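Below is one structure, written out as structure tokens; the observations come after it.
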Amino acid sequence: MNDWNSSSPPNSRPGSGGSSVGGGGSKAKQIKLVLLGDSGVGKSSIALRFVRGEFNENGETTIGAAYLTKTINCQGCPIKFDIWDTAGQERYHSLAPMYYRGAPAAVVVYDVTNVNSYHKATRWVKELLQQANAMMVIVLAGNKADMVSDTRSTNEDARKFANENKLIFAETSAKTGMHVDDIFAQIGNVIARQQAPEVTDRQGRGNVKLAKKEGSKERTCC
């Protein structure tokens, strides 16, 4: 089931700690995820594409934060994402810790056609590395990739930054859907691996590349 609700304090919503809940005889692993980034980079569009499979060219600016949910199957295991889509305006920056605190995952979005939004994204990442959950899975998403013919040079610095900070990096397009579903699937897989018995806290956040599917038979979601 997918939901799109108005904002309210994150502690009033379920799923802040990655717990499991019952649902029709099966258990869904709940993952709280926060979307961060400058205003206008397409955070809400990524959320809308993931949750509803839609794109709204004239989407409204998020005020405060919006709450969405979607449950997906990850190699046969149900995972429910509790998504907090935060406002990108500077005046709302001080509210961000209320949403990312305790979250095991974050997607930091920038616009590949706007270098200033990339610099803002790197500041968000640095803030998360300093203040958020040490095991947080962070995706750096270069959105609006459909608007440039060749993103290799555009995203060279972003790829390097992601590698240095052990982030998942992805070029996305909320308009076409490119890599949007993939980044959420990657997050689910990484968190499942983190929670496996053989993984220790010292291993922390691993560097993951958003690559082509290789047909691996390893079951990593549950």
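Rule-based calculations on the coordinates, nothing more; no lab input. Because the structure is a prediction, the values reported are computed rather than measured. FYI the Cβ positions are ideal-geometry reconstructions off the backbone, even for glycines, and counts take in every protein chain you see.
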Task: Amide proton proximity set for Glu171, modelled H, under 5 Å, gap of 5+ - done: Gly142
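Can you work out the FRET efficiency for the pair Arg101 and Ser149, with r the C-beta to C-beta distance and R0 = 35 Å, to the nearest 0.05?
Once the sixth-power term is evaluated, E becomes 0.30.
Express in nm, to one decimal, how much length is gained between Val115 and Ile72 on full extension, taking 0.36 nm for each residue of separation and deducting their alpha carbon distance. Let's see the in-between values first.
On the way: separation 43, 0.36 × 43 = 15.48 nm, distance 3.28 nm.
Full extension of this stretch gives 12.2 nm more.
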Task: Extension gain (nm, one decimal) between Thr176 and Asn163, 0.36 nm per residue minus Cα-Cα - done: 2.1 nm
Task: Rounded FRET efficiency, nearest 0.05, which uses the C-beta distance separating Arg52 from Gln89 and R0 of 35 Å - done: 0.90
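If you place +1 on the Cβ of every Lys and Arg and -1 on the Cβ of every Asp and Glu, how big does the dipole about the Cα centre of the range 113-199 come out, in debye to the nearest 20?
Values: 10 positive and 10 negative charges, 46 e Å.
Dipole about the Cα centre, nearest 20: 220 debye.
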- [ ] Sorted from largest down, give the three principal axis spans of the alpha carbons of the range 36-110, whole angstrom values.
- [x] 41, 32, 18
